[in-house]
Amino acid sequence: MISRNILKRFIFLWILITFSITLFAGEPYVIMVSFDGFRFDYDTKTETPNLDFMRDHGTKAESIKPVFPSKTFPNHYALATGAYAATNMITANKFYDYEYDAVYKIADKEKVRDAKWYKAEPIWATAERQNVKAASYFWVGSEAPTKGFSPSIVKAYEHNFPFKARVDSVMSWLQLPEEKRPQLVMLYFHEPDSAGHKFGPENPDLIPIIKNMDDLLGYILDGIKNLDIADEVNLVLVSDHGMTTISEDRIIYLDDHVSDMDAIFTFTGDPVAQIHFKEQNDVVADRMEKQLKQIEHMTAYARDEIPERYHFVNRNTGDFVLVADDGWVILTQGETSRSNGTHGYDPAVKNMHGIFYAMGPQIKSNYKIGTFENIHVYPLICELLGIKPYSDAPDAPEGRLEVLEEILVK
């Protein structure tokens, strides 16, 4: 039988050990980095030692599947919220909102910074609401106080701001006193997307840009290594979409096929276009539907025919949504496509897939997973930070922790 003194000592030792673990267990940190337009297979086009390092010391996915349409704003906001475009309301880089009778577009800073356009709850708002400090360096949607919360530190977008200077700022934030230090940092870079548009994804001129981005990843890894909290940092690297080759001989001009252009207004985004009627007219609508469905190298969907797997239909959806075949683009006369590469196609097109790497104390090492939808990143980040995902609301996210739970160290 255990004596009372021994029992007391055991209890004291247990309390001491528990207190020590609590005292010295560091807070979790997450740096989530986006390389815009980094296609899932770019690492096979040249040597990428830093991506290889993340693969060998962390988890790599075969690819990450974008939401529809595979454009920059819808997918960065899907990554941030865990919600499809139909739910988070950012359905394109430019779209019309019937309720506001206004157009949202990425070049309009007033709209970009107005929280009314954004639904669901982005990860920085989820964190701040639970007293976890967040910071954002140019992430889509972070300039708007969605759900009443902004990141504790937020940078307004400056396209030409040097990449390494962005990293230096982030590392300085992670050296702030603990009470001011963000536990979540979102960091965005517009390459290799810009180069992919300019050169096309198969052009050898893209190779130096891929190498530059891998070097930048090395700079980020070195920055983390030099932090006092290095052992507590989880690094998550993603991209929003891939890229496919286009050419001037694969352009569909709607004006060449549709006779009632004056009855509609359109929003074209290269592979995807939305058509809105200025006034409802069944005769015009029937005629246009027949004309649209005869056009080759694209698929025309009436609003009620849009595939459920797109998770796209909400109050802003056009009367018709047009989706080009891979490698084709949809324009109207007067518009030009000066690019050699683009994106926005059906997420089922593999060239639209991006990358996912994760590394850190909470992530399995030398672990590989298959393709998954990007909406599942949000609950993963919540789990890493120890916060509860946004839930029990009409605009709650569709992302599920179960999809990526296997990469976590138990």
The one condition Ser63 fails out of (1) at pLDDT below 95; (2) in the same structural domain as Val236 (by TED's automatic domain parsing) is (1)
Given the criterion at pLDDT below 95, assigned by TED's automatic domain parsing to the domain that holds Asn374 and in contact with a helix residue (DSSP H, G or I) (Cβ under 7 Å, 6 or more places away or on another chain), identify the matching residue among Ile123, Ile106, Ile90. Ile106
So is Asp392 under 17 Å from the mean Cα position of the chain (by Cα) and part of a loop (DSSP other than H, G, I, E, B) or not? no
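Per-residue answers, yes or no, for (1) polar (S, T, N, Q); (2) over 27 Å from the mean Cα position of the chain (by Cα); (3) in the same structural domain as Asn374 (by TED's automatic domain parsing):
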site: Leu184; (1), (2), (3): no, no, yes
site: Ser194; (1), (2), (3): yes, no, yes
site: Lys198; (1), (2), (3): no, no, yes
site: Pro204; (1), (2), (3): no, no, yes
site: Leu227; (1), (2), (3): no, no, yes
site: Ser239; (1), (2), (3): yes, no, yes
site: Lys278; (1), (2), (3): no, yes, no
If we ask which residues in region 337-382 are more than 23 Å from Asp43 (Cα to Cα) and either in a strand (DSSP E or B) or over 20 Å from the mean Cα position of the chain (by Cα) (or both), their number turns out to be 4
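So how many residues does region 88-104 have that are under 17 Å from Ser70 (Cβ atoms) and touching a residue at least 60 places away in the same chain (Cβ under 8 Å)?
We begin by selecting, within region 88-104, every residue under 17 Å from Ser70 (Cβ atoms); these are 88, 90-95.
When the remaining residues are screened for being touching a residue at least 60 places away in the same chain (Cβ under 8 Å), the result is 88, 91-95.
Final tally of qualifying residues: 6.
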Counting only helices (runs of 4 or more DSSP H) entirely within region 31-138, those with at least 1 residues that are under 28 Å from Ile207 (Cβ atoms) are 49-57, 72-81
Can you tell me which residues in region 229-244 are under 18 Å from Glu191 (Cβ atoms) and among the acidic types (Asp, Glu)? Asp240
Single residue of Arg166, Arg181 found to be over 23 Å from Ala83 (Cα atoms) and either touching a Gly at 6+ places or on another chain (Cβ under 9 Å) or assigned to a helix (DSSP H, G or I) (or both): Arg166
Looking at Glu402, Glu335, Glu406, Glu308 in this structure, which one is out of contact with any helix residue (DSSP H, G or I) (no Cβ under 8 Å at 6 or more places or on another chain), without any contact (Cβ under 8 Å) to a residue 24 or more places away in the chain and more than 18 Å from Thr87 (Cβ to Cβ)? Glu402
Would you point out the residue of region 95-112, among those that are farther than 16 Å from Ile275 by Cα and touching a strand residue (DSSP E or B) at 6+ places or on another chain (Cβ under 6 Å), that is surrounded by the most Cβ atoms within 10 Å (Cβ to Cβ)? Lys111
Name the residues in region 210-243 that are among the aliphatic types (A, V, I, L, M) and crowded, with 20+ Cβ neighbours inside 10 Å, would you? Ile210, Met213, Leu217, Ile220, Ile224, Val233, Leu235, Val236, Leu237, Val238, Met243
Evaluate the following for Asp36: is it within 23 Å of the chain's Cα centre (by Cα), of a type in the set (Asp, Glu), more than 29 Å from Tyr310 (Cα to Cα) and modelled with pLDDT of 95 or more? no
Leading residue by the ranking (surrounded by the most Cβ atoms within 10 Å (Cβ to Cβ)) among those in region 339-367 that are hydrophobic (A, V, I, L, M, F, W, C) and over 30 Å from Lys225 (Cβ atoms): Met352
Within region 141-163, take every residue that is hydroxyl-bearing (Ser, Thr, Tyr) and assigned to a loop (DSSP other than H, G, I, E, B) and give me the one that is surrounded by the fewest Cβ atoms within 10 Å (Cβ to Cβ). Tyr157
Are there any pairs with C-beta distances below 6 angstrom linking a residue in region 185-211 that is in a strand (DSSP E or B) to a residue that is surrounded by fewer than 21 Cβ atoms within 10 Å (Cβ to Cβ), with the two at least 6 apart or on different chains, and if so which? Phe189/Phe163
Tell me the residue from Val323, Val329, Val284, Val258 that is under 25 Å from Trp117 (Cβ atoms), crowded, with 16+ Cβ neighbours inside 10 Å and not assigned by TED's automatic domain parsing to the domain that holds Lys105, please. Val323
Residue ranges of strands (runs of 3 or more DSSP E) in region 225-325 with at least 1 members within 30 Å of Thr59 (Cβ to Cβ) and at pLDDT 95 or above: 233-238
Of all residues in region 251-293, how many are under 20 Å from Phe95 (Cα atoms), without any contact (Cβ under 8 Å) to a residue 24 or more places away in the chain and among the polar types (S, T, N, Q)? 1
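The values are calculated or read from the model by the stated rules, or taken from the named source; none is laboratory data. As the structure is a prediction and not an experimental result, all values here were calculated from the model. Counting neighbours? That spans all protein chains shown, and the Cβs are built from the backbone with ideal geometry, glycine included.
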